[in-house]
């Protein structure tokens, strides 16, 4: 538990200065008025759409896992929410560890193989968000600063995508390259290193299928378009009269911040980037701040509630998952599914 509290304190330590900066740059009275003037009747439809969008993540994960084991989206759906719960309350993507832990417990998939599929997910998401950013730039004829952000993000996620696809297609060659680094490790780490790399490569195996690659790209596109629609609905609740292109930019900027997951659920960085993006679109600063706070509260609240329900559904307690995050896993036996060829 002590390590979990340290992680939590780290996230708060990083988030608080950003939140303080936001509040000092905004008229508090006007922000409260904007919160009071919002049409909260639009929030339930936004939450419903967000919950529905998560189903697409479960479908995508099903296809990424299929070379290892075929699990239905209905069985994976609560696990995705558990992952979002972990990412919402703990920094450093602890939710990925939870998803890997629960999947191993339920389906016998090794943690490293699961993390391989999650790495594919994150890279696909990054590529899609860069695409949304480019769509906005093209539609709005934005300035040089956004082009630079898109270029840097594109290089990072494009390079990661290329490396991941290469690892999936040329697994033997990737293992030989990894062996160069593993051979330099201390003797007692080498076997574990080989096992982890082998399991990780197994988790990327789905990308060798053109059919699966098309499906996971399609579900990724649909997911982020639905999330953008959630952002737009909440914007309508705050009477922000902006076009779809602005909400594509808000979605891209806010979620690219999660690529550096130092705080719980992007606390601080999410509010800052959403606020600054809307100010860039000439939205009043107080309204932009109120929107950012309400939107983040909606997302975090939905994921925490759905995640806790999902924990109950799979028969886990908060104590069990906190022990998994903080204590680390015992050395696991080779998972049956990961050993399949």
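The values are calculated or read from the model by the stated rules, or taken from the named source; none is laboratory data. Here the structure is a predicted model, which is why all the values come from computation and not from measurement. Note that we place each Cβ from the backbone using ideal geometry, even for glycine, and neighbour counts take in every protein chain shown.
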Take residue 100 and tell me if it is farther than 22 Å from residue 302 by Cβ and within 15 Å of the chain's Cα centre (by Cα).
yes
In contact with a helix residue (DSSP H, G or I) (Cβ under 9 Å, 6 or more places away or on another chain) and modelled with pLDDT of 80 or more: is that true of residue 164 in this structure?
no
Residues of region 197-211 being within 15 Å of residue 60 (Cα to Cα) and crowded, with 18+ Cβ neighbours inside 10 Å, which ones?
203, 204, 205, 206, 207
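Taking the criterion of being farther than 20 Å from residue 54 by Cα, buried (at least 21 other Cβ atoms within 10 Å of the Cβ) and modelled with pLDDT of 90 or more, would at least one residue in region 240-248 satisfy it? Before you say what the answer is, go through the steps one by one.
Going through region 240-248, the residues farther than 20 Å from residue 54 by Cα turn out to be 240-246.
Those left that are additionally buried (at least 21 other Cβ atoms within 10 Å of the Cβ): 240, 246.
Okay, now just the ones that are also modelled with pLDDT of 90 or more, so 240.
Scanning region 240-248, I find at least one residue that is farther than 20 Å from residue 54 by Cα, buried (at least 21 other Cβ atoms within 10 Å of the Cβ) and modelled with pLDDT of 90 or more, so the answer is yes.
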If I filter region 289-322 down to residues being touching a residue at least 24 places away in the same chain (Cβ under 8 Å) and more than 26 Å from residue 52 (Cα to Cα), which single residue comes out as surrounded by the most Cβ atoms within 10 Å (Cβ to Cβ)?
289
What pairs come out if I take residues in region 268-288 that are under 14 Å from residue 251 (Cα atoms) and pair them with residues that are part of a loop (DSSP other than H, G, I, E, B) whose C-beta lies under 6 Å away, six or more apart or interchain?
281/242
Would you check if residue 93 is out of contact with any helix residue (DSSP H, G or I) (no Cβ under 8 Å at 6 or more places or on another chain) and at pLDDT below 90?
no
Does at least one position in region 29-43 carry a residue that is modelled with pLDDT of 80 or more and under 17 Å from residue 303 (Cα atoms)?
yes
Suppose the filter is within 22 Å of residue 117 (Cα to Cα) and either touching a strand residue (DSSP E or B) at 6+ places or on another chain (Cβ under 9 Å) or at pLDDT below 85 (or both); does residue 195 pass it?
yes
Would you mind telling me which numbered condition in (1) touching a residue at least 12 places away in the same chain (Cβ under 8 Å); (2) more than 19 Å from residue 47 (Cβ to Cβ); (3) surrounded by fewer than 20 Cβ atoms within 10 Å (Cβ to Cβ); (4) under 18 Å from the mean Cα position of the chain (by Cα) residue 226 fails?
(2)
